[in-house]
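Enquirer: Here it is: the structure, laid out below.
Every read-out reported here was derived from the displayed coordinates using simple, explicitly stated rules and does not represent laboratory data. None of these values were measured; they are calculated from a predicted model. Counting neighbours? That spans all protein chains shown, and the Cβs are built from the backbone with ideal geometry, glycine included.
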Amino acid sequence: MKIKLFVVATLLIATACKNENKTEVQDEILAPTESITEQNMSEMTDATTSTENSVATEAPVMTFEKTEHDFGSITQGENVTHIFKFKNTGKSDLLISDAKGSCGCTVPEYPKTPIKPGESGEMKVTFSSAGRNGLQSKTVDITANTATGREQLMIKASIK
């Protein structure tokens, strides 16, 4: 009986020592890996942020004289037009790829050719009040190669 107890106790101690050693070895192996991973992730994040900042500072900038126009009071059925003037105040050519009104009653026209840094452009927006009553507020969403990729204009009218 004493021999069996001795063997069981020895096995328990040996097993406990082996598990403890495994944990220490695992900790020693994993710790440097985790540290390297965190360091690499930090470096990758810094590089990505630096690249994004570089691209943003080189991007064209659409600077509008104003981004909102109120037509005031208009008669139902009337078509009204406003020209939004802008300038490329960025460091590279401005390319407008699309401009869409928030509904079919708002139709934008935009330059299809590149606008060089320092040059100006115009966006013509026509609003049709046919079938509309009361206060109206519509937007024009512009897709361009600016840092954000999107710009927005707004028109308003009160239809009587």
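Enquirer: Please specify each residue of region 100-133 satisfying the condition of being out of contact with any strand residue (DSSP E or B) (no Cβ under 7 Å at 6 or more places or on another chain) and closer than 18 Å to F84 by Cβ.
Expert: Result: K112, T113.
Enquirer: May I pose another question? If you go through region 82-99 one residue at a time, do you hit one that is of a type in the set (K, R) and surrounded by 14 or more Cβ atoms within 10 Å (Cβ to Cβ)?
Expert: Yes; the residues of region 82-99 include at least one that is of a type in the set (K, R) and surrounded by 14 or more Cβ atoms within 10 Å (Cβ to Cβ).
Enquirer: Give the residue, chosen from I83, I96, I115, that is in contact (Cβ under 8 Å) with a residue 24 or more places away in the chain, among the β-branched types (V, I, T) and under 16 Å from M154 (Cβ atoms).
Expert: I83
Enquirer: Filter region 105-160 for residues that are polar (S, T, N, Q) and assigned to a strand (DSSP E or B) and give the result.
Expert: Selection gives T106, S120, T126, S128, Q136, S137, T139, T143, Q152, S158.
Enquirer: Let me ask something else. Identify, please: which residue in region 134-151 is surrounded by 12 or more Cβ atoms within 10 Å (Cβ to Cβ) and closer than 21 Å to V80 by Cβ and is, among those, farthest from the chain's Cα centre (by Cα)?
Expert: Per the stated criteria, the residue is Q136.
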